1. Quick one: what pairs do we get from the range 24-41, first residue closer than 12 Å to Met10 by Cα, second polar (S, T, N, Q), C-beta under 7 Å, 6+ apart or different chains?
2. What number of residues in the range 45-81 are modelled with pLDDT of 85 or more and either in contact with a His (Cβ under 6 Å, 6 or more places away or on another chain) or among the basic types (Lys, Arg) (or both)?
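The values are calculated or read from the model by the stated rules, or taken from the named source; none is laboratory data. Since this is a predicted model, take the numbers as computed values, not measurements. Cβ placement follows ideal geometry from the backbone for every residue including glycine, while neighbour counts extend to all protein chains displayed.
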Amino acid sequence: MIHPSYVELMKVVNDNVEIGEEPVVNSRYSIVAATAKRARQIIDGTLAPVELKRGEKPLSVAVQELYNGDLEILSDETAAEMEEKIAALKEERTMQMRQEETAAGDEDAAEENGAEEE
């Protein structure tokens, strides 16, 4: 028997759902899709918060992460909100970098002009 089972994983994922709310996971498909996506991240080199043992398969690590609560399945709505926040943060960071580059360029120009006047 595979441990943890789909039923156990679904209980863990839906643990924080309050009565009357729709569960995050309604089917095995959601569990399979989330763990497969995480396994691909592990294969691609994303660090796993779980210590990898020799010969352990990425999918097993992903399932264990989900069971331990290290991996969270987000609803479509929550995922979209997070993507918007990430995009806004990236845009903000890009603007800051451009401002810093402009300021650095202005300082360099001022130093060059000061050197030419002497």
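1. Val24/Asn14; Val24/Ser75; Val25/Asn14
2. Residues flagged as modelled with pLDDT of 85 or more and either in contact with a His (Cβ under 6 Å, 6 or more places away or on another chain) or among the basic types (Lys, Arg) (or both) within the range 45-81 amount to 2.
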